[in-house]
Amino acid sequence: MTQSTDPSPPAGFLAEVKDAVTTRAALLVLGVLVLQLAFVTSYIGAFHQPKPHEIPIAVAAPAAQVAERSAQQLGTLPGDPLDPRVVADGAAARAQVENREVDGALIIDPGGRTDRLLVASGAGASLSQALEEVVGRAEQAQGRSVRVTDVAPAAKGDSRGLSSFYLVIGWCVGGYLCAAILAISAGARPANGARAVIRLGALLVYSLAAGLLGAVVAGPVLGALPGSVWGLWGLGTLVVFAVGATTLAFQGLAGVVGIGLAILVIVVLGNPSAGGAYPYPLLPPFWSTIGPALPPGAGTYAARSITYFAGNGATGPLLVLSAWAVAGAAITLASAVSRRGRPGPPVGSGLPPTTT
């Protein structure tokens, strides 16, 4: 009786592990862990200890000497919470707040013991509250008091002025998810020039729909944002397209890993630095510096400008978003053209790229 031998002996546990989790998958999982830790660090780092730093504030008084002396006193407060600048009168001070040149204004009444503080909670309730607290303490130390006037109050349905932020975050999520789906859906291949143009066109159509629907929901449907629906529609279209084009650009440069890079820029770095829960003067220096240059921050600032300040101050953020949109589209097209002649296998197929 002869004993048969199994031509395929059972593989060991290590071989099973290697078969179940490829080296590429292990590296991607490691990248996810790094991204997760970056997320935790970025959000906690930005939000764990907010404090005012150089909040722009206008100071006005009937006599220039009084205004200059008060501005000097406010500018020397411990920790530099305020950045005061003297203006001609109360009307000029109010105009600067409404034009988003400053975040508040102190109008001094030398003939009495009560001064007037102008704030704008539409720019963020936490910022206006910080101004009230800092200026109130400074005035109290001088034996004076302040009467607060909110010249751009947040709408009744806009809790703490956060609706603009959440609307922009929703647009950003739609932008990078739409781009990711276009890039890695089943059967999709790395973009050549024609595919890149088609995907950017599809992204533009999606951006128009997402911008309009978001503006309608936030405005007429929920009554959270009282600003122009047309203005918010245009902003939403630009935000979604800028984020989506950026995601396509990263994907064109780095493949699937590029989607993780887009999340790093938009979500991990962009969301906590957007000035939503805590506007820029309340954020630590790193986040307050990068926030205005990233799509979530530019979008949030522009949305508040459109909603509560008649569009004042929105030009800079709109230019930032336009730069992301143009750069993302250009890089997407350039990376597709450079791949001409080697279209490669379907994304996610596991096949090696075609070599020339």
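The values are calculated or read from the model by the stated rules, or taken from the named source; none is laboratory data. The structure presented is a predicted model; accordingly, all values stated were derived computationally and were not measured. Note that we place each Cβ from the backbone using ideal geometry, even for glycine, and neighbour counts take in every protein chain shown.
Summary table
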{"quantity": "Residue in the stretch 286-294 that is β-branched (Val, Ile, Thr) and touching a residue at least 60 places away in the same chain (Cβ under 8 Å) present", "calculated": "no"}
{"quantity": "Pairs, first assigned to a helix (DSSP H, G or I) in the stretch 146-174, second basic (Lys, Arg), C-beta under 8 Å, six or more apart", "calculated": "Gly161/Arg304; Ser164/Arg304"}
{"quantity": "Qualifying residue in the stretch 172-182 (condition: within 30 Å of Pro281 (Cβ to Cβ) and among the small types (Gly, Ala, Ser))", "calculated": "yes"}
{"quantity": "Within the stretch 188-304, helices (runs of 4 or more DSSP H) holding 2 or more residues that are buried (at least 24 other Cβ atoms within 10 Å of the Cβ)", "calculated": "193-216, 229-254"}
{"quantity": "Test: residue in the stretch 139-147 that is over 24 Å from Ala60 (Cα atoms), over 20 Å from the mean Cα position of the chain (by Cα), at pLDDT below 95 and of a type in the set (A, V, I, L, M, F, W, C)", "calculated": "no"}
{"quantity": "The stretch 151-160: number of residues that are under 19 Å from Ala60 (Cα atoms) and loosely packed, with under 15 Cβ neighbours inside 10 Å", "calculated": "0"}
{"quantity": "Test set (1) on the phi < 0 side of the Ramachandran plot; (2) touching a strand residue (DSSP E or B) at 6+ places or on another chain (Cβ under 7 Å) - Glu54 fails condition number", "calculated": "(1)"}
{"quantity": "Qualifying residue in the stretch 316-335 (condition: at pLDDT below 95, small (Gly, Ala, Ser) and in a helix (DSSP H, G or I))", "calculated": "yes"}
{"quantity": "Filtered residue count, the stretch 48-61, keeping only those that are out of contact with any helix residue (DSSP H, G or I) (no Cβ under 9 Å at 6 or more places or on another chain) and either over 18 Å from Pro279 (Cβ atoms) or among the aromatic types (Phe, Trp, Tyr) (or both)", "calculated": "0"}
{"quantity": "Members of the stretch 44-54 that are surrounded by 15 or more Cβ atoms within 10 Å (Cβ to Cβ) and part of a loop (DSSP other than H, G, I, E, B)", "calculated": "Pro50, Pro52, His53, Glu54"}
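Residue by residue, here is whether (1) among the small types (Gly, Ala, Ser); (2) farther than 24 Å from Gly157 by Cα holds:
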{"residue": "Gly234", "(1), (2)": "yes, no"}
{"residue": "Val239", "(1), (2)": "no, no"}
{"residue": "Gln251", "(1), (2)": "no, yes"}
{"residue": "Ile259", "(1), (2)": "no, yes"}
{"residue": "Ile263", "(1), (2)": "no, yes"}
{"residue": "Val268", "(1), (2)": "no, yes"}
{"residue": "Ile290", "(1), (2)": "no, yes"}
{"residue": "Gly297", "(1), (2)": "yes, no"}
{"residue": "Ala302", "(1), (2)": "yes, no"}
